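Heads up: the structure comes next, in structure tokens.
Rule-based calculations on the coordinates, nothing more; no lab input. As the structure is a prediction and not an experimental result, all values here were calculated from the model. Glycine gets a Cβ as well: all are built from the backbone with ideal geometry, and neighbour counts include every protein chain shown.
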Amino acid sequence: MMFGNVIEKREVSIAKAKEILAKVKNQNYEQKHAFEYASKFAKTSSEDAIKILEELRESGIPRIKNRHLKKIVDLMPKKADEIKVILAKEDLTLSKGDIETILDILAKYR
């Protein structure tokens, strides 16, 4: 059950969700579980997630969308095969060079 009005709907990284939920006082059942999940699985800080997203956007990788980038940042893959798995359901194939670019950017924030 949601309390209050929805002000805005948008996709955010797990790190950003954790930051948002941390500010909520008197969390309801769903918010507590979402915060626990975000705390357990956030691989970066919210600030680093934003920096990574910006670098990935500026890297000029063709056809990659914001939702793909957010999923990559959420999961912080370490290998090329992991990136391929993340994008497997999408109609998107990245070159080896693009995958290496992504891995290089992610490596800076580990």
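Output the number of residues of the range 3-29 satisfying the condition of being exposed (fewer than 12 other Cβ atoms within 10 Å of the Cβ) and touching a residue at least 12 places away in the same chain (Cβ under 8 Å).
The first filter runs over the range 3-29 and keeps only residues exposed (fewer than 12 other Cβ atoms within 10 Å of the Cβ), leaving 3-11, 23, 25-26, 29.
If we keep only those that are touching a residue at least 12 places away in the same chain (Cβ under 8 Å) as well, we get 3, 11.
Qualifying residue count, the range 3-29: 2.
Residue selection: Lys40 fails the criterion of being crowded, with 18+ Cβ neighbours inside 10 Å, part of a helix (DSSP H, G or I) and not small (Gly, Ala, Ser).
Of the residues making up the range 60-75, those that are buried (at least 17 other Cβ atoms within 10 Å of the Cβ) and assigned to a loop (DSSP other than H, G, I, E, B) are Ile61, Ile64. You will find that of Lys9, Lys18, the residue that is out of contact with any Cys (no Cβ under 9 Å at 6 or more places or on another chain) and either of a type in the set (A, V, I, L, M) or outside any loop (DSSP other than H, G, I, E, B) (or both) is Lys18 and no other.
Applying the selection to the range 63-100, what residues are in contact (Cβ under 8 Å) with a residue 24 or more places away in the chain and over 17 Å from the mean Cα position of the chain (by Cα)? Selection gives Arg63, Leu92, Leu94, Asp98.
Counting only residues that are buried (at least 17 other Cβ atoms within 10 Å of the Cβ) and of a type outside the set (A, V, I, L, M), the range 49-59 holds 1 of them.
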